Amino acid sequence: MCSYGQLRCLRAETGERLWQTLAATTADGKETRWANAFLVKQGNRFFLCNEKGDLIIANLSPQGYQEISRTHLLDPTNPDPGRLVVWSHPAFANRCVYARNDKEILCANLAGKTTTE
């Protein structure tokens, strides 16, 4: 994450920028100072929790950002950067995500539907 909300992919060996996107942090595609998302690798995909309270599942590769799904978990409540944000890192355990803002904490089940035979 860069200081205006750009999620960037860099080549580790050279620092060359391969791509960047604002899709993970902003709804309107405009750069926003200190816009943020917390990234957690899970298998071959990533979970991103952004400051708007969204949980995003995405593929990140040298070829680009590919959003798989997005859901809104929490409303932003912290006004410190001059806008309302969720600036707390999520926790993951037992196939769930635990997320909080300044008013509530929640547990969202990440497990897919299961069937029994």
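The values are calculated or read from the model by the stated rules, or taken from the named source; none is laboratory data. Every value quoted in this text rests on a predicted model; they were computed, and no experiment measured them. Reconstructed Cβ throughout: ideal geometry from the backbone, glycine too, with neighbour counts over all protein chains shown. Only protein heavy atoms, including side chains, enter the accessible area calculation; ligands, DNA and RNA are left aside. Shrake-Rupley method; radii C 1.70, N 1.55, O 1.52, S 1.80 Å.
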| Conditions (1) surrounded by 12 or more Cβ atoms within 10 Å (Cβ to Cβ); (2) over 13 Å from the mean Cα position of the chain (by Cα); (3) modelled with pLDDT of 95 or more; number of the one not met by residue 6 | (2)
| query | How do the pairs read when you match residues in segment 57-73 that are on the phi < 0 side of the Ramachandran plot with residues anywhere that are open to solvent by less than 50 Å² (accessible area, probe 1.4 Å) and acidic (Asp, Glu), using Cβ under 8 Å and keeping only pairs 6 or more apart or on different chains? | reply | 70/54; 71/54; 72/54; 73/54
| Every residue from segment 43-81 that is open to solvent by 80 Å² or more (accessible area, probe 1.4 Å) and of a type in the set (S, T, N, Q) | 44, 63, 66
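Report yes if some residue within segment 24-37 is among the basic types (Lys, Arg) and in contact with a Ser or Thr (Cβ under 8 Å, 6 or more places away or on another chain); otherwise report no.
yes
Residues being in a loop (DSSP other than H, G, I, E, B) and either of a type outside the set (A, V, I, L, M) or under 12 Å from residue 58 (Cβ atoms) (or both): count how many of those fall in segment 1-45. Break it down stepwise before answering.
Of the residues in segment 1-45, the ones in a loop (DSSP other than H, G, I, E, B) are 1-6, 11-16, 22-36, 43-44.
Still in the running and either of a type outside the set (A, V, I, L, M) or under 12 Å from residue 58 (Cβ atoms) (or both): 2-6, 11, 13-16, 23-26, 28-34, 36, 43-44.
Number satisfying all stated conditions: 24.
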